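Here's the structure we're looking at; comments come further down.
Quick note: the coordinates plus some simple rules give every number you see, no bench work behind them. If you're wondering where the values come from, they're calculated on a predicted model, not measured in any experiment. Every residue, glycine as well, gets a Cβ built from its backbone with ideal geometry; the counts of neighbours run over all protein chains shown.
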Amino acid sequence: MSELPQRQTDIGPPHYEQFLHPVIKKNYGKWKYHEILTPGSMVHVSDTGDKIYTVRVASPRLLSTDTLRVMADIAAKHCDGYLRFTTRNNVEFFVDAESKLAPLMSELKAKGFMIGGIGPGISNIVHTQGWVHCHSAATDASGLVKVIMDELHEYFTEKQLANRVRIAVACCVNMCGAVHCSDIALVGVHKTPPRIDDTNVKNSCEIPSTIASCPTSAISPDPAKKSVKIKLEKCMYCGNCYSVCPAMPIADPINDGIAIVVGGKVANLRSAPMFSKLAIPWLPNNPPRWPEVTNAVKQILNAYIAGAKKHERVGEWIKRIGWEKFFQEANLEFKIQHVDDFTFARETFRTTAAFKWTT
Amino acid sequence: MDKEELKKVIYDLVEASTGKKKLKQTDILKKVSADKGIEKDEVKAALRELVDAGTLIFTYFGGSYIEIPPKA
Amino acid sequence: MSKKYQTPLLDELKKGAFPSFVTEIEKAAEHSDMAADLLGLVELSYKERMTHWKHGGIVGVRGYGGGVIGRYSDIPEKFPGVAHFHTVRINSPSGFFYTSDAIRQVCDIWDKYGSGLTNMHGSTGDLVLLGTKTEHLESIFAEFSSRGWDLGGSGSAMRTPSCCVGKARCEWANIDTMAITNDITQHFQDEMHRPAFPYKFKFKTAGCAVDCIASIARADMSIIGTWKGDIQIDQAEVKNYKGKIDIQAEVIGMCPTGCMKMSGDQLVIDNSNCSRCMHCLARMPKALRPGKERGATLLMGSKAPIVTGALMSWVIVPFIKMEPPYEEFYELIGKIWEWWDENGKNRERIGELIERVGFPRFLKDLDIKPHPAMVKEPRRDPFFFWSEEDIVR
Ligand code: HEM
Ligand code: HEM
Ligand code: HEM
Ligand code: HEM
Ligand code: SF4
Ligand code: SF4
Ligand code: SF4
Ligand code: SF4
């Protein structure tokens, strides 16, 4: 083994200042306004008169070091070696003069990057690990992102909407991907509880920690079999027990599927942040291109496009027209699963005789 | 309390609990500081030495626990 | 290198306009057996429609209780390259700014010890290195930490704090989000690396109520920049917006509090009724700027729906100055963590704990004065508890 350098602990991340473009460093806290130039570029103007131009490109989030090196090379060539990533998995390149924009953008295009994601359109999709890296996944995340963005990429690169439509994908109900406040979000759902393989539980699992792993206390010991049992009415199919005990697999290719929730937002603009609410309880897991899911997303998006007023987010549009009307406009069936029986259920019952007639 | 002695107390506590109940860092701090009438910070410093040396380790099962490392 | 596996299903995902993750894995597979086997494994998942990962084993670096997530394939005999495929969370710099050299440095180390695959970034904000073997973990840690990088948080610990771009490139930032995030991260290194909490704790900092980092939805402590005093109006710029946008319909008409109007060609705002929602500032960035006294609103408690339903953060401190050395803030955090440690159950997030014992109890125990900003509306019932000092004996 070759010599390793001396490890250090508790040093924290590198200080951000060393990574700031000189114009950004100089004008830190002095920005006056910004203008969106194209859906993929914007300029920020400082009180000092300085300007910084940003070009944004999409990434699949899952990036090889090869692609990262290409990005680093482009930043070195055009941007004095500075770049940034956004929370929505986009990559931003900076230049300090308008004349440098065109060469940067044409090189990015030539290298196959998709420029866009700024302004009232569809930015990149926030998502989780899925089959690429997670044991709880009820569906893949990267694949869903790819097929949805393949369909909607024009809203990334050029087409505008009434306001931003934020899309998110979480591959199971743990929702590492923060889908609960998105305009349109897909969540992988299991429909069936874990299957207990008693022999393997006995041999390979620690029973107390398996029981403790269940957030709803659905698991209890089964002393006769030296295994565990699950109280079915308590199980919410979260897969936590499988994390701790591999002899309790939950994945079920036929019954696992995808739910769609809509109308959430986190920004405070105009109206308070909102949770996303259930639009479609289950669609089949149909890789590699999930046609049922992409069609449903387009159907919801098209209803929004047809109905929303300028600057209305999906949730604001639905609030204005009413959820009963939303189901009609988006041509979605209202099913028993739409009626809440979870923690905050009573707040969702309609306590007024005034509502709209829909078919 | 002597630090080596304190480390032994902590180790014994974790050992006694192995296979019964997983202990979190805070369980150990609370128990030892109450039993021995010493500050939690003192217990924490001793526990940290045990972990830095690899005598005890952090494990994760939905939550984080302190355990004796598995025999390799 | 010729292709190790046939992947007809994944090949379908190389088609289409959007950048493909399959192409990325293939690139890495050119120089990494791990990535090559990952392709095979994911193809199988696509075919069988189920995952092939499992937990198991305990992984990490000496002295730390987090920063590495153990991952194993459930069919290692078929895909030995991904028998271990652990994730390393590297604490990202505030605001996700990098230099080309920093990116290359990360790539060099990762190509040496890992699959060559990354996530830029994980949803919590870590620079995620996807896929390495147990025996490389200490080497990876030594290579990174000796060059000034450290691991992020995982487990029942403080998670890697993150923030919006803030003052670095946004005119609306009321607070220095990147400085605050860096300071919190450095201040709580022990809380991050040696899990001591009942469960995870996340800080996210946004410069204004647009909340580009989604702090209100996914942080136990959401720090959101705001201001006191009048919105600063540049009337000449207001005039310039005329003709470009419909000020009456798009700005005044959409103000949720109805506190704006035109008086002649002057825009007038009744600031005492403004809720600082940011809509008008976002519509007319050249004409409107926040008021002059800057600070933050602290909100607490958001979490995902597991187990008792999703929570969004709610107001606990309507206004706080967030300026170094952040003494008042750290004192509050200290008190909150102590209270959580005393009262929280294992795996109980702070928001769930407050729900369980009641928000009034939290306010009393922490000696925080109730304020109407903390609630949307007062309670609807007279079922409240009185304490001894409220009673005349
Ligand atoms: C109203 C509900 C919710 C909203 C509005 C919301 C919104 C968001 C947004 C905007 C993000 C960040 C997106 C980005 O990175 O740009 C996010 C992240 C996240 N959300 Fe949600 N979300 C909601 C509910 C939930 C629920 C119910 C869960 C879990 C069950 C959840 C789990 C997460 C996770 C795990 C992350 C990212 C992980 C992290 O950084 O902590 N969210 N959410
Ligand atoms: C009981 C609930 C949860 C469980 C069992 C769980 C489990 C996991 C697991 C196993 C991973 C690893 C995925 C991988 O292989 O890389 C993961 C990743 C992650 N989780 Fe969770 N999670 C839970 C809830 C949450 C919540 C509520 C959040 C955030 C609010 C969250 C945020 C994250 C983030 C940010 C990642 C990193 C992966 C990514 O960026 O996509 N998790 N979680
Ligand atoms: C009218 C409303 C909004 C305006 C004017 C606005 C403005 C902006 C601006 C100027 C940026 C770029 C900041 C920078 O990096 O320099 C930005 C980024 C961002 N915004 Fe917003 N925003 C709005 C609404 C939202 C909403 C509702 C969300 C989330 C639900 C959101 C999430 C984000 C995120 C995640 C970024 C990071 C960059 C990215 O998307 O790639 N924004 N926003
Ligand atoms: C412990 C609490 C309460 C007690 C002991 C109480 C008792 C009563 C009594 C004795 C009546 C008169 C019945 C009659 O007409 O003979 C009444 C009527 C009524 N109460 Fe209450 N009540 C309580 C709480 C509430 C609350 C919290 C609400 C509403 C939020 C409420 C709403 C009403 C209404 C709407 C009526 C009917 C008034 C009408 O006839 O127009 N009550 N209540
Ligand atoms: S959302 Fe579920 S399946 Fe996806 S990465 Fe998180 S825990 Fe894993
Ligand atoms: S799937 Fe989740 S709720 Fe169901 S038994 Fe397992 S841990 Fe409990
Ligand atoms: S949260 Fe506010 S300050 Fe921060 S980047 Fe977004 S708009 Fe700017
Ligand atoms: S910030 Fe919001 S509430 Fe205040 S004046 Fe502007 S639009 Fe109205």
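For A:Asn27, what is the net charge nearby, where nearby means another residue's Cβ is under 12 Å from its Cβ and Lys, Arg count +1, Asp, Glu -1?
Net local charge, A:Asn27 excluded: +3.
Run the quick spin-label model on C:Asp33 and A:Glu107: label points 7 Å from Cα toward the beta carbon, then report their separation in nm to one decimal.
Those two pseudo-labels are separated by 3.7 nm.
Taking θ = phi - 60°, what integer Hz values does the Karplus form 6.51 cos²θ - 1.76 cosθ + 1.60 yield along region C:71-76, in sequence order, with x for Gly and Pro?
Residue by residue, region C:71-76 yields 9, 9, 6, 8, 10, x Hz.
At 0.36 nm per residue, and after removing the present C-alpha to C-alpha distance, how many nm does the segment from C:Asp101 to C:Val375 gain when stretched out fully?
93.8 nm
Using a Förster distance of 56 Å, how high is the FRET efficiency between A:Ser220 and C:Glu138, based on the Cβ-Cβ distance and rounded to 0.05?
With R0 = 56 Å, the Cβ-Cβ based efficiency is 0.90.
Within chain A, what's the longest stretch lacking trypsin sites (Lys or Arg not before Pro) that sit in DSSP loops with no more than 10 other Cβ atoms inside 10 Å?
Longest run free of exposed loop sites: A:1-349.
May I ask you to give the average projected area over all directions of the convex hull of the Cα atoms of region A:2-62, in nm² rounded to one decimal?
With the hull built on Cα positions only, its mean projection is 7.7 nm².
Which FRET efficiency, nearest 0.05, do A:Thr359 and A:Lys335 yield, Cβ-Cβ r, R0 22 Å?
0.90
For a distance above 33 Å, tell me the whole-number percent of Cα pairs in chain A that qualify.
So the pairs more than 33 Å apart make up 43 percent of the total in chain A.
Please state, to two decimals, what the Cα-based radius of gyration of region C:8-146 comes to when divided by 2.2 N^0.38 Å (N = residues).
Computed over Cα atoms of region C:8-146, the ratio equals 1.07.
Semi-axes, largest first, in whole Å: what does sqrt of 5 times each Cα gyration tensor eigenvalue give for chain B?
For chain B, the semi-axes come out at 19, 13, 11 Å.
Counting only Cα, what are the radius of gyration and maximum Cα-Cα distance Dmax of region C:41-107, in Å?
15.8, 41
At 222 nm, what helix-only mean residue ellipticity would chain A give, in deg cm²/dmol to the nearest 500, using -39500 (n - 2.57) for each DSSP H run of four or more?
Mean residue ellipticity, 222 nm, calculated: -7500 deg cm²/dmol.
Using a simple spin-label model with points 7 Å from Cα along the Cα→Cβ vector, what separation in nm is obtained for C:Glu237 and C:Leu366?
Taking the simple label geometry, C:Glu237 and C:Leu366 are separated by 3.6 nm.
Please compute the volume of the convex hull spanned by the alpha-carbon atoms of region C:230-289 and report it per residue in Å³.
For region C:230-289, the hull spanned by Cα atoms encloses 70 Å³ per residue.
Please report, for the Cα atoms of the protein assembly as shown, the Rg to one decimal and the Dmax as a whole number; what are they, in angstrom?
Rg, Dmax (Cα atoms, Å): 26.4, 88.
Would you please give the FRET efficiency between C:Lys228 and C:Glu328, computed as 1/(1 + (r/R0)^6) with r the Cβ-Cβ distance and R0 = 22 Å, to the nearest 0.05?
0.85
Separation between the B:Glu39 and C:Arg393 pseudo-spin-labels, each 7 Å from Cα along Cα→Cβ, expressed in nm?
Going from the B:Glu39 label point to the C:Arg393 one covers 3.7 nm.
Using the 4.7 Å Cβ rule, please list in number order the cysteines from chain C without any candidate partner.
C:Cys107, C:Cys163, C:Cys170, C:Cys208, C:Cys255, C:Cys259, C:Cys274, C:Cys277, C:Cys280
Any idea what Rg and Dmax come out to for region A:112-194 if you just take the C-alpha atoms, in Å?
13.7, 45
Quick one: of the DSSP bridges fully inside chain C, what percent are antiparallel, nearest 5?
Taking every DSSP beta bridge within chain C, about 80 percent pair in antiparallel fashion.
Rounded to two decimals, what is Rg over Rh for region A:28-149 when you use alpha-carbon atoms and the Kirkwood radius?
1.02
Where the centre of each part is set by its Cα atoms, how far does region C:268-312 sit from region C:331-387, in angstrom?
Each part's Cα centre sits 22 Å from the other's.
Given C:Lys292/C:Lys376; A:Lys159/C:Lys239; C:Lys3/C:Lys78; A:Lys159/A:Lys298, which pairs have Cα atoms separated by over 19 Å?
Listed pairs above 19 Å: C:Lys292/C:Lys376; A:Lys159/C:Lys239.
Sort all Cα-Cα distances of chain C into consecutive 20 angstrom bins from zero, then give the percent of pairs in each bin up to the one containing the longest distance.
Whole-percent P(r) values from 0 Å outward: 23, 46, 28, 3, 0.
From the alpha carbon gyration tensor of region C:232-371, can you work out the equivalent ellipsoid semi-axes (sqrt of 5 times each eigenvalue) and give them in Å, largest to smallest?
So the three semi-axes of region C:232-371 are 41, 17, 13 Å.
So what's the gap between the Cα centers of region A:15-42 and region C:76-120, to the nearest angstrom?
The two parts, judged by their Cα centres, are 27 Å apart.
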